[in-house]
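Here's the structure we're looking at; comments come further down.
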Amino acid sequence: MVMSALARAVIHVTGFVQGVGFRPFVYRLATALNLKGYVINLGDAGVEIAVEGHRDSIEEFLRRLQTDKPAPARIDSILIEWFEYSGEFRDFRILSSDFKVKRGGSTIPPDIAICDDCIRDIMGNDPRWAGYPFTCCAICGPRFTMIFDMPYDRERTSMVKFPMCEFCRRDYEDPANRRYHAEGICCKFCGPKIELLDNNGSKAPCDEPLVEAAKLIKEGFIVAVKGIGGFHIACLATDDDVVLRLRKRRRRPQQPFAVMSLCTEDVKTFAHVSPLEEELLKSRERPIVVLKIKHESPISPWVSPGLDSIGVMLPYTGIHLLLLMHVKEPAIIMTSGNYPGEPMVTNIDDALKRLSGIVDYYLTHNRDIVNRCDDSVIRVSNGIPTFLRRSRGYAPSPITFSGLHDGDWCIVAFGGDLNVTISFLKGNKCYVSQHIGDVDNLDTLSFLKQTYNTLKELLKIRNVDAIVCDLNRSFPSTRFAEGLSETLGVPLIRAQHHHAHAASLAAEQGLKIDDQAIYITIDGVGLGDDGTAWGGEVLLASGNKYERIGHIRPYPLPGGDLCAYYPVRALAGLLSLVLSREELEDFLTHRYGHAFKYGVREVPIVMRQLRSGLNVISSSSMGRFLDAVSVMLGVCSYRSYEGEPAMKLEAHANTSNEAINVDIPIIDQGRISMVDASHIMLQLLNLMDKYPSSSIAYTAHVAIAKGLAEIACSKALEEGIKVIGISGGAAVNEIILRTIEEEVSKWGLKLLRHKALPPGDGGISAGQSFIGLAHINA
């Protein structure tokens, strides 16, 4: 047999290759192929591998580097340089991380759910791992939530205060062990400890805190549970009294709670689970997956009142796993540890201050949470997994904007006002932060500032080329961006809200900055460039410009933002365009007086607002239209959480599956076309004595979606465009999505949908960064 010539290769790998067992994998692969050399982390430059040996073996190494890599790893690029054989290496080694070299390219590793091997260790008999909730290995466990700095090594994590025992040190240094260079390695002898505290912060007298906490939950108590990204609030999901007690204490009367189940077999006792949804539930990211709930379910209806769905996740840490094992329930509530509008609590001192009015006990531990990170939420909408929230398990891994070349720039974008994230566009990689929340709360605004500083440090950002924010100057995120722009002396770019939605979709789908497409952008409201409240838009857009070519016909919103909380006001505004004043006042007084904040005596005030135009804004909002239908049909008359009337309307509509035939008036005004939502509403109103309310609810979704789709498709034909995109918070509504997809297909066009970013406001910052780059390159 003729052996191939000896050679040397230096390989640079970028992607998700730190904190996922990649270096130990490289070691084992090189050793198996009798190659000598080294592997080293290069900070944000990725991983460098040098190998010497027979060229055939090196080429086999390169092939298996991609085909056999650890499951959590992702390789974005491999750069190979060939050299003459030198013979300088005697073996293959993992070298200490070199954080002085920074070429750009590696990712901050997100948290990874506990793997099956570690679960078996917890269930086994080894005294180091048996029943130990912090068990992990090189391919699982917390990453981002315990990182102080990059590259990801133990001394730069909150595990630094837990020196390894001799047994863990042995495993850490043994290349044959799956805990080889597992930075979070620990065991009962050297790792974090768990404890149970009562409501006063005193240590509960028990030998097994986890077992005792499970017993307390089973008895109906409410327990705060410290995980890896923050505290959760846990209690029974099967007991109405317990759930209602939690609702009262947490001041959350209607918003759905997420639940956690031990396994998918338990989930299937109360929810419908498709193969795709099961795959998501079991994935290494372990998101909350929104599932259709079964009619016969052991779960209390108060867990997700008025909805036909429930958010479910499986355990992603040993703490959750052991707790669920001992509770022995089909599911328990596992909701974020905070009051509405506040950030998730991350340490026991804050928990004792902030959660004492909610919980009875605290199951906590002594490993610090460095970076707060709430759970991700995914819904399979019309066959495609769609983010409602992209956070734990995904953030802050970058999304590659493949339509961009990998340049030397950094754009920072700050999103809007609700469901805020921050994005750093570094070259063609967009690093989108974890979920921050609604920044009208001072603590959440502080979290936004902290997240900016954290990511800037972790990504080793030295220069920022531009700051991007929303058009709305009243947003706290905008005001922070303005101040930061002035401090750094860099341009401030103001991006229109719906253009940012469109740009986020264009960027994740690999479009270039100047590629044009038609976008349907549908949500609650966003400030338009004409000063009105947009929300049901058809845009002809690229990264550097947009044109509003269609929308829902504007209607008045008396009281402005009050319409978001009391949708009967939006109903009044819509019907004011098609009913006489006398008809409208009589209608509101006799049929919907109860839906106003102050009852029927508020009707004359609303009528005066509509007549005078004072404290009235003009809007094309899809969200307010759906809210108005919701109150008209008696589904929801007050919004206690974001999106409530529309979400409950969709659930109500799902009990029907056939649309009633109604006219969908399209008004053409020069280059702009409008769908007349007021006339649709009037037709729906006239159907109320003839058809079930669920059929009317279904019809409302179909009619408004068809109207916008018709405008988008006809405009695409006029412009010679073959692609239509859909984005915005309402772009997860399955009835709307299905209707638009069917209409776009009839026209022979391609529909783009979000897969990597949330369609809602959690994706806006990414779109803003794309727009920002377009502006500085203009």
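The residues of the chain expose on average 38 square angstrom of accessible surface per residue, using a 1.4 Å probe on protein heavy atoms.
Using equal-weight Cα scatterers in the Debye expression, the normalised intensity of the chain in log10 at q = 0.05, 0.08 Å⁻¹ is -0.28, -0.70. Take the Cα of Glu547, go 7 Å toward its beta carbon, and the backbone nitrogen atoms of the range 489-525 under 14 Å from that spot belong to 516-519. Other residues with beta-carbon under 12 Å from the beta-carbon of Gly643 carry, at +1 per Lys or Arg and -1 per Asp or Glu, a net charge of -3. Projecting label points 7 angstrom from Cα along Cα→Cβ for Asp530 and Ile119 puts them 5.5 nm apart. Shape summary: the range 346-502 maps onto an equivalent ellipsoid whose semi-axes, from the alpha-carbon gyration tensor, are 28, 20, 17 Å in decreasing order. The value given for the range 332-407 is a Kirkwood hydrodynamic radius of 15.6 Å, derived from the mean inverse Cα-Cα separation.
Taken along the Cα-to-beta-carbon direction at a fixed 7 Å, the label points for Lys512 and Arg479 span 4.2 nm. When the alpha carbon gyration tensor of the range 402-495 is reduced to an equivalent ellipsoid, the three semi-axes, largest first, read 21, 14, 13 Å.
Put His435, His498 in order of accessible area, highest first, and with a 1.4 Å probe you get His435, His498.
Taking all Cα-Cα distances within the range 248-328, those exceeding 16 Å account for 51%.
Using the Cβ atoms and a cut-off under 9 Å, what net charge is assigned to the surroundings of Lys161, where Lys and Arg are +1 and Asp and Glu are -1? Let's see the in-between values first.
Working: positive: Arg367; negative: Asp368.
Charge balance in the 9 Å sphere: 0.
How would you classify the range 623-773 from its alpha-carbon gyration tensor, with a ≥ b ≥ c the square roots of the eigenvalues: rounded for a/c under 1.5, else prolate if a/b is greater than b/c, otherwise oblate?
Numbers: a/c = 1.93, a/b = 1.31, b/c = 1.48.
Oblate shape, in that a/c is at least 1.5 and b/c is the bigger or equal ratio.
For the range 611-638, list residues with backbone N below 12 Å from a point placed 7 Å from the Cα of Thr655 toward its Cβ? Under 12 Å, as judged by backbone N against the label point of Thr655, lie 634-635 of the range 611-638.
Normalised by residue number, the volume inside the convex hull of the Cα atoms of the range 188-281 is 162 Å³ per residue. Only the Cβ atoms of Lys and Arg (+1) and of Asp and Glu (-1) were treated as charged; on that basis the dipole of the range 362-412 about its Cα centre amounts to roughly 280 debye. As a rough guide to protection, the peptides 299-307, 85-93 ranked by mean Cβ packing within 10 Å, highest first, stand as 299-307, 85-93. For the residues Tyr598, Tyr565, a 1.4 Å probe over the protein chains yields an accessible-area ranking, largest first, of Tyr598, Tyr565. Take each peptide in 574-580, 706-712, 54-60, count the other Cβ atoms within 10 Å of every residue, and average; sorted highest first, the result is 706-712, 574-580, 54-60.
Normalising the Debye intensity of the range 602-649 to I(0), with uniform scatterers on Cα atoms only, and taking log10 at q = 0.30 Å⁻¹ returns -0.99. Once you have the Kirkwood Rh of the range 14-136 from its Cα pairs, apply Stokes-Einstein at 10 °C and 1.306 mPa s and quote D in µm²/s. For the chosen part, D equals 99 µm²/s. Taking 0.36 nm per residue of sequence separation and removing the Cα-Cα distance, the Asp149/Lys282 pair yields an extension gain of 44.9 nm.
Look at the dipole of the chain built from charges on Cβ: of Leu323, Pro301, Pro558, the Cα furthest out on the positive end belongs to Leu323.
Using 0.36 nm per residue and subtracting the Cα-Cα separation, the extra length available between Arg601 and Asp440 on full extension is 54.9 nm.
Rg over Rh for the range 1-64 works out to 1.00, using Cα positions for both radii and the Kirkwood form for Rh. Each Lys and Arg Cβ is given +1 and each Asp and Glu Cβ -1; about its Cα centre, the range 669-756 then shows a dipole of about 260 debye.
Counting only helical runs of four or more DSSP H residues, what would the 222 nm mean residue ellipticity of the chain come to if each run contributes -39,500 (n - 2.57) and the total is spread over all its residues?
Working: 23 runs with 250 residues, N = 778.
Roughly -9500 deg cm²/dmol at 222 nm, from the helical runs in the chain.
Look at the dipole of the range 183-266 built from charges on Cβ: of Cys190, Ile233, Gly220, the Cα furthest out on the positive end belongs to Ile233.
Solvent-accessible area assigned to carbon and sulfur over the chain amounts to 48 percent, based on a 1.4 Å probe. Computed from point charges on the beta carbon alone (+1 for Lys and Arg, -1 for Asp and Glu), the dipole magnitude for the range 1-159 about its Cα centre is near 100 Debye. What is the gain in length, in nm to one decimal, between Trp747 and His272 on full extension, counting 0.36 nm per residue of separation less the C-alpha to C-alpha distance? Additional length available on full extension: 167.6 nm. Note on the range 593-684: the alpha carbon radius of gyration divided by the globular reference 2.2 N^0.38 Å gives 1.26. Relative contact order of the chain, taken over Cα pairs closer than 8 Å and 6 or more residues apart, is 11 percent. Label zone (Arg591, point 7 Å along Cα-to-C-beta; backbone nitrogen cut-off 20 Å) within the range 671-686: 676-686. Distance between the 7 Å Cα→Cβ label points at Asn177 and Glu265: 3.3 nm. Charge tally around Phe270: other residues with Cβ under 13 Å, Lys/Arg +1 each, Asp/Glu -1 each, net -2.
The values are calculated or read from the model by the stated rules, or taken from the named source; none is laboratory data. Since the model is a prediction, treat every value here as computed from it, not as a measurement. Glycine gets a Cβ as well: all are built from the backbone with ideal geometry, and neighbour counts include every protein chain shown. The accessibility values were calculated without ligands, DNA or RNA, using every heavy atom of the protein model including side chains. Shrake-Rupley method; radii C 1.70, N 1.55, O 1.52, S 1.80 Å.
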